[in-house]
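Each value in this text was obtained by applying a stated rule to the coordinates, not by laboratory testing. Worth saying up front: this structure is predicted, and the values here are computed from it rather than measured. Ideal geometry is used to build each Cβ from the backbone, glycine not excepted, and the neighbour counts take in all protein chains shown.
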Amino acid sequence: MAFDAALLSAFTIVKLALATWLFSHTLPRRPSFSARFVVALVTVGCLAAAMPIMGFSVFPTLTDDFSFVAAVLQFVAVLAVDIVLQRALFSCSVWTSTFCCSMAYLLENLSSAAERAMGTFFPSSSYPPPLLETSLKYWLISAVVFAAAYLLLIRRIEKNGLLQISDPVMVVSAALVIIVNMVLDLVIKDVSIPDFALPRRYTEALCWIYILVCVYLMYSFFEIIYTRRLRLEVATSERLRAAEARQYELSRANIEAINLKCHDIKHQIRALGGGGQAIDERVLADMEREVEVYDSAVKSGNDALDTILTEKGLVCQRDGITLSCIADGAALGFMDAVDLYSLFGNALDNAIEAVERLDDPERRSVSVIVRRAGDMVSVHVENFFDGQVRFGDDGLPVTRKEDQANHGFGTRSMRLIVERYGGTISANVTDDVYHVNALIPLPA
């Protein structure tokens, strides 16, 4: 029986390591990861073998010399080693490491609680239960719980880039809930002893309560980082909006000044050409064409839209990109100037970034169409691209940058602006053309 208890204790260590890997595997890996991984595996193996020998057991019993404090300290020591190994393998903050290992601990406890809950329907004749009797059921239930956790929770964490969110509150929260969970875990294990005086129905109820507690704590941790992510997005969006407002005013003033100056220079070139001086007409024509580029501001009927289209048009002219525009700017007159500047600025920045990677001159083009469609305004931006685009649940592309927590704000800003006016925005791909479509209702 002691041998079976020792092996089950070792299984718990291995399950904790597997759960930690499940939460951490998408994080940036440290240099020499393979060697570190081998060392971590050896450490886990040694720990799994040594803990039962040193008296650690996941099946402690309430005896006269039993100490809850000592039992809790044993579990804390295992969790601390887990955090050290996780940080040795992956490059992340202490907050991220605490989150991953705490969630892994809760997941391991959840699988153990589920196994014991199932055991109440098929009680064993001894405690700890015989290894051959329980091993298959033990790992089968753990596999089901781990798979469910990945599909329902871990995949959402990965998709939203939440692992890189730092929140110091998490350390305090983790310490409190983990200790409470450890105490509850010890109580459940002790009352599961067949000779214990507690009626079976109470044991069953405690097992299911323990499962609910584990699920609730995992969901609470998820809510902590998700709420933190939303706060960071709001703060970043506000900073970006303030910066875009300053940029809009600066761009408008600069473009107006450039256009006025170029208009004067163009007339001076013409006067110079007609002054009878010995200057090659072709040189004057080339100079006039160059100046014409800066004197061709877009006139859509909306100052903010004109500013951003002219500004991005100059960028495209410099980089050999064709920017075509058919825009009824007056239809967007109800929108705030900074919102317009931000919406079209982000859309055009993404399009220009995509076509800059293309070598074919005929594919280095960006198209913008703004028109009325009944009681709506339709905004369409399209460009050629190479590669693959991965879309999120909101119909917009997910950033290609590895640090998703600090990138992708341009796309999210576009969505927030359009939704602020009651509209919708989506993106799709047709062959090698990327499309962004927004529909915004006209005010009544």
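Want the number for residue 430 to residue 444: 0.36 nm per residue separation, take away the alpha-carbon distance, what's left? Using 0.36 nm per residue and subtracting the Cα-Cα distance, I get 1.6 nm. Ordered by the number of other Cβ atoms lying within 10 Å of each residue's own Cβ, fewest first, 184, 206 fall into the sequence 184, 206.
Were the residues from residue 369 through residue 318 laid out at 0.36 nm apart, the gain over their Cα-Cα distance would be 16.2 nm.
Dipole orientation for the range 299-444: of the candidates 314, 388, 376, 376 has the Cα lying most toward the positive pole (charges on Cβ; Lys, Arg +1; Asp, Glu -1).
When only the Cβ of Lys, Arg, Asp and Glu is charged (+1, +1, -1, -1), the dipole of the range 299-444 relative to its Cα centre reaches about 220 debye.
Cβ crowding within 10 Å, taken as a proxy for footprinting-reagent exposure, orders 100, 207 from fewest neighbours to most as 207, 100. With N as its number of residues, the range 299-444 has a Cα radius of gyration that, divided by 2.2 N^0.38 Å, comes to 1.01.
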